[in-house]
Amino acid sequence: MKFASFPKFVLFSLLAGVFALVLAGCGASNNLALTQGNWSMTATPSAGATFYIGGNLTQSGTNLVGTMYVISFPNCYSPSQTVAFTGTVKGKNVTLTSGSVGGQVISIIATGTAGSLTGTYSIAGGTTCNGDSGTLTATPVPSISATWIGPIVDANGDKVILSMALTQAATASPDGTFALTGNLTYTGSTCSVSGTLPAGSAFIAGTYIVMQGNTIEFDGSPGTFTYYPAFLNNPTLPINMQGTYTQTFGVCTDNAGNAATFTKQ
């Protein structure tokens, strides 16, 4: 069949179909491609104290899946409670909805770029925080693999410099956290000499850090310590972490807990 004899309405239909496919393709390419990995969300209620949501957030096409923690919101969520999130990306618009925890469901509506979102959150259900709402900002948190150094006060009252060489896992654990491992060196201490963060003893979720490590004390005996709760000072460009350091076991046990700030080198 010659092209000239091809029915015009068929030709127009084909062209319209091609044009629609092109538009659909352009629309798909305009959807945000969020940075994958560890995200931190800062939620500011219309009334009340700021709290944080942090953990692993991944995107597949237009679908979002997250396993995260809600931190510094004690009346509503335990910091040890994982919260599952699902959502969608459409253009620059992002929606996330949590699974139910005690009947409470968090809904998030935000817009922005691949590495920065702003929007609102609201909580429905439950008996404690039903109706809570406010604004929210969210950003991915870069790896904190580096050496971090800062002063502590040990059990003998000595002012000590603690150096932590940390390595952050590239992929998330099933609970949405990113494992931390590393070696510790104490300078100027008559108590602890060195230490380790073995696998499974420390993690970061958003800007929230928990460490429970082992020490070797001045006489060669074992000990343990915690650095908890601790937070990065900034989710996008962290230069220090702040928390409570406690020597929890061994001849250098000190249960008082002292504020400790470590700076990235």
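Working only within segment 231-265, note down all residues that are small (Gly, Ala, Ser) and assigned to a strand (DSSP E or B). Correct list: 243, 256, 257, 259, 260. Select from segment 175-216 the residues that are touching a residue at least 40 places away in the same chain (Cβ under 8 Å) and farther than 18 Å from residue 140 by Cα and write down the one among them that is surrounded by the most Cβ atoms within 10 Å (Cβ to Cβ). Per the criteria, the residue is 192. Please work out which residue is surrounded by the fewest Cβ atoms within 10 Å (Cβ to Cβ), limiting yourself to segment 113-128 and to residues that are in contact with a Gly (Cβ under 9 Å, 6 or more places away or on another chain) and hydrophobic (A, V, I, L, M, F, W, C). The extreme case among them is 124. Within segment 138-147, can one find any residue that is in contact with an Asp or Glu (Cβ under 7 Å, 6 or more places away or on another chain) and over 21 Å from residue 256 (Cα atoms)? No: segment 138-147 contains no residue that is in contact with an Asp or Glu (Cβ under 7 Å, 6 or more places away or on another chain) and over 21 Å from residue 256 (Cα atoms). Here 56, 38, 63, 30 are screened, and the one residue that is under 27 Å from the mean Cα position of the chain (by Cα), closer than 20 Å to residue 93 by Cα and modelled with pLDDT under 95 is 30.
Being in contact (Cβ under 8 Å) with a residue 24 or more places away in the chain and surrounded by fewer than 18 Cβ atoms within 10 Å (Cβ to Cβ) is a property that residue 67 lacks.
Here residue 247 meets the list (1) surrounded by fewer than 17 Cβ atoms within 10 Å (Cβ to Cβ); (2) touching an Asp or Glu at 6+ places or on another chain (Cβ under 6 Å); (3) of a type in the set (S, T, N, Q) almost entirely, failing just condition (1). Annotation: of all residues in segment 97-112 being closer than 25 Å to residue 30 by Cα and either in contact with a Gly (Cβ under 9 Å, 6 or more places away or on another chain) or not polar (S, T, N, Q) (or both), the one that is surrounded by the fewest Cβ atoms within 10 Å (Cβ to Cβ) is 111.
The values are calculated or read from the model by the stated rules, or taken from the named source; none is laboratory data. Remember, predicted model here, so these are calculated numbers, not experimental data. Counting neighbours? That spans all protein chains shown, and the Cβs are built from the backbone with ideal geometry, glycine included.
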